[in-house]
1. For segment B:123-157, which residues satisfy the criterion of being more than 10 Å from every other protein chain (Cβ to nearest Cβ) and open to solvent by less than 60 Å² (accessible area, probe 1.4 Å)?
2. Could you please find all residues in segment B:71-83 being in contact (Cβ under 8 Å) with a residue 24 or more places away in the chain and more than 7 Å from every other protein chain (Cβ to nearest Cβ)?
3. Does B:Phe86 count as of a type in the set (A, V, I, L, M, F, W, C), under 30 Å from B:Ile19 (Cα atoms) and within 8 Å of chain A (Cβ to nearest Cβ)?
4. Within the bounds of segment A:153-175, is there any residue that is modelled with pLDDT under 85, in contact with a helix residue (DSSP H, G or I) (Cβ under 9 Å, 6 or more places away or on another chain), surrounded by fewer than 20 Cβ atoms within 10 Å (Cβ to Cβ) and assigned to a helix (DSSP H, G or I)?
5. Taking A:Ser204, is it open to solvent by 60 Å² or more (accessible area, probe 1.4 Å) and modelled with pLDDT of 80 or more?
6. Looking at segment A:460-478, which of its residues are touching a residue at least 12 places away in the same chain (Cβ under 8 Å) and within 14 Å of another protein chain (Cβ to nearest Cβ)?
7. Report the residue count in segment B:41-70 for those that are within 7 Å of another protein chain (Cβ to nearest Cβ) and either open to solvent by 20 Å² or more (accessible area, probe 1.4 Å) or among the basic types (Lys, Arg) (or both).
8. Consider B:Leu105 carefully, then state whether it is more than 8 Å from every other protein chain (Cβ to nearest Cβ), open to solvent by 80 Å² or more (accessible area, probe 1.4 Å) and modelled with pLDDT of 80 or more.
Amino acid sequence: MDILSSLAHGFTVAIEPQHLFLVLIGCIIGTLIGALPGLGPVNGVALMIPLTFNFGLAPTAALILLVSIYYGCMYGGRISSILLNIPGDEPAMMTTLDGYPMALKGRGGEALGISAVASFVGATIATVGLTLFAPLLVGFAIRFGPAEYFALFLLAFATIGGVTSGSFTKSFIAACIGLLLGTVGIDPVSSVPRYTFGWYEIYSGIDFIVALVGLFAISECLFFLEDTRHGSKPRIQVGSAIPGMKSSLRCGPTIGRGSLIGFISGVLPGAGASLGSFLAYVLEKRWLGRKGDFGKGDPRGVAAPEAGNNAAAGGALIPMLSLGIPGSGTTAVLLAVLLTMNITPGPLLFEQQPDIVWGLVAALFIGNIMLLILNIPLVGLFARVLQAPPWFLMPMVVLVAFVGIYSLSNSAFDLYMMLAFGVLGYIMRKLEFPTVPVVLGLLLGGQMEFNLRRAMAISGGDWSILWSSGISIGIYAFAGILMIAGLVYGLLVNQRGKLR
Amino acid sequence: MIGADTPPPREHAAVGDRIVGILLAVIAAGAWWHSHTFVTGFMHTVGPGAFPRLVSIPLGLLSVYLIVRPGFNQRWPEHSALLRQFGLLVVLGAYAALLEPWGFLPATLLATTMLVRLFGANWKQAMGSSALLTVALYLLFEFALGIPLPDIPGMSD
């Protein structure tokens with residue numbers, strides 16, 4: 001089997017001592033960041049990017065570290081959901097519904113144990129899926145030309161809309177803002193400066209790492225300052241997570257179903273982990289009907305969304321690695337890292353740099369096992385982070401962001417730019433505009449335009465080349481279907497909001 | 001952060017959306033208009049202005065739609081919160097400006113003390129934790145990562 005030998009090769013890359021160490025560090029940092037209320041995988045990974053560059057890591061090592069952080073954050077997000085009823089990030093939201101009631105009943109440790117096992121199974125199933133399906137997709141994508149890639153980028157933007165909480169219009173507007181911002185700077189094809197207005201600092205374009213950290217980390221701090229009632233927190237006994245192992249056996253079928261649903265929604269471009277955990281929970285509730293005790297502390301209500309969101313996190317890596325199209329905010333951030341290191345994901349990556357792809361996949365398998373080990377006996381330790389006062393944590397986040405960005409370019413201008421993006425992100429979130437499409441636009445705009453121009457150069461200026469092949473028509477149709485699905489999902493979420 | 005117990009207060013058909021809609025419509029029109037000044041090179045079928053124009057069309061249309069049918073907005077924070085947020089921006093802006101002329105250690109110490117205060121600690125806690133954070137970051141960057149941070153003027157070797 002071709003895949004097996006590739007994977008075996010990947011393991012030889014992943015078990016290099018440096019890589020193993022990075023996986024461990026990434027898992028620990030990720031779980032810590034994920035556990036902090038308000039800091040999810042997107043912020044966590046964004047925050048760690050400047051540091052990663054400063055370490056001077058090779059691309060494979062950097063990617064392994066960041067993806068371990070990503071997986072770690074997905075694990076860690078459940079800790080604050082269960083113990084404090086505060087989801088660390090959006091995908092962890094569904095876990096609060098049954099996790100917190102369990103914690104109130106003194107079964108917090110058990111809930112953490114179940115969710116750790118569910119996370120492990122979900123993530124492992126997704127990583128297996130990644131191993132199997134990414135090469136398939138690559139085999140398909142190798143036939144794509146520039147017109148097909150252009151269609152693919154449109155697909156990514158068409159689908160990011162419905163699922164990133166809230167309004168369709170606003171998601172598309174946000175994507176357009178990102179795309180426009182992406183054109184700022186010197187046009188690489190014609191060397192014409194665009195929208196620079198004589199500002200030489202932005203001739204090289206808007207650095208997306210600066211934009212990312214501003215949009216996510218700085219805006220988060222602004223949000224935090226809105227509310228001063230962060231002071232007192234209920235102290236909750238964690239207890240041992242070991243009984244959770246037993247109960248998770250009883251949740252087996254639930255975990256299996258949740259993982260599958262999560263994986264599928266993760267693979268879909270634009271859908272991601274929030275949809276995964278939401279669907280896993282809702283469908284499980286419907287499946288079991290009255291047999292469940294959902295909303296009042298049913299262990300299956302913890303298992304389903306956790307399996308779902310971790311499976312989705314793994315699934316989202318598939319379109320990112322094999323097509324260069326991120327399916328979620330965090331994978332967009334990871335794509336930013338790759339592009340900054342001059343690595344373009346896509347079919348060619350699998351062919352030319354199998355070390356990166358398969359080393360990463362193998363590292364994910366190892367990371368999952370490490371996370372399970374870290375999260376069962378040591379969960380109490382991670383939960384202690386929640387007791388750290390916010391007046392210490394938040395300035396630390398700001399400071400790491402600041403010094404990290406500064407050390408990349410040594411320019412105060414980047415810092416002002418980051419602050420500006422922080423304000424933009426804050427205002428957007430207040431007005432209920434999602435910020436992820438901005439990042440996606442900023443990130444993919446250049447590639448999208450490049451492919452458009454190549455297609456037009458091939459056709460000699462005939463726009464119909466964009467919809468002349470069966471593959472591109474298929475992609476547009478798929479985009480249409482997903483858009484409608486997104487609309488339906490949006491309606492569902494609104495209804496859920498009303499029911500509350 | 002996603003609200004825990006109580007959903008954040010929201011306003012329907014809010015003014016904020018309309019203002020943003022107008023602003024974005026103007027930006028879209030401006031981007032369209034300005035893109036015509038980009039010179040299309042010889043032999044290029046698609047010039048540097050085409051893609052921005054392609055983006056500004058949906059942006060313009062969607063912002064007009066937003067003006068006509070605004071959605072939900074969260075309520076803006078209260079006066080005291082706005083002051084704190086403004087304080088954060090001022091502290092960070094000043095920090096960015098002072099980092100090079102003052103050097104990393106004094107600028108960071110001052111900025112972090114103010115930050116910790118802003119996030120609700122008392123002076124004693126602020127001094128202690130900012131000293132800790134500053135020194136930890138300094139050690140991390142200067143020694144563990146080997147990235148030079150701005151020295152205090154006159155104290156560099």
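The values are calculated or read from the model by the stated rules, or taken from the named source; none is laboratory data. What you see is a predicted model; the values in this text were computed from it and never measured. Here the Cβ positions follow ideal geometry from the backbone for every residue, glycine too, while neighbour counts run over all protein chains shown. Keep in mind that these areas ignore ligands, DNA and RNA; they rest on the heavy atoms of the full protein, side chains included. Shrake-Rupley method; radii C 1.70, N 1.55, O 1.52, S 1.80 Å.
1. Correct list: B:Ala131, B:Glu142, B:Ile152.
2. Residue satisfying the conditions is B:Arg75 alone.
3. Numbers: of a type in the set (A, V, I, L, M, F, W, C): yes; under 30 Å from B:Ile19 (Cα atoms): yes; within 8 Å of chain A (Cβ to nearest Cβ): no.
So B:Phe86 does not fit the description; no.
4. Checking segment A:153-175: at least one residue is modelled with pLDDT under 85, in contact with a helix residue (DSSP H, G or I) (Cβ under 9 Å, 6 or more places away or on another chain), surrounded by fewer than 20 Cβ atoms within 10 Å (Cβ to Cβ) and assigned to a helix (DSSP H, G or I).
5. yes
6. Hits for segment A:460-478 are A:Ile465, A:Leu466.
7. Of the residues in segment B:41-70, 6 are within 7 Å of another protein chain (Cβ to nearest Cβ) and either open to solvent by 20 Å² or more (accessible area, probe 1.4 Å) or among the basic types (Lys, Arg) (or both).
8. In short, no.
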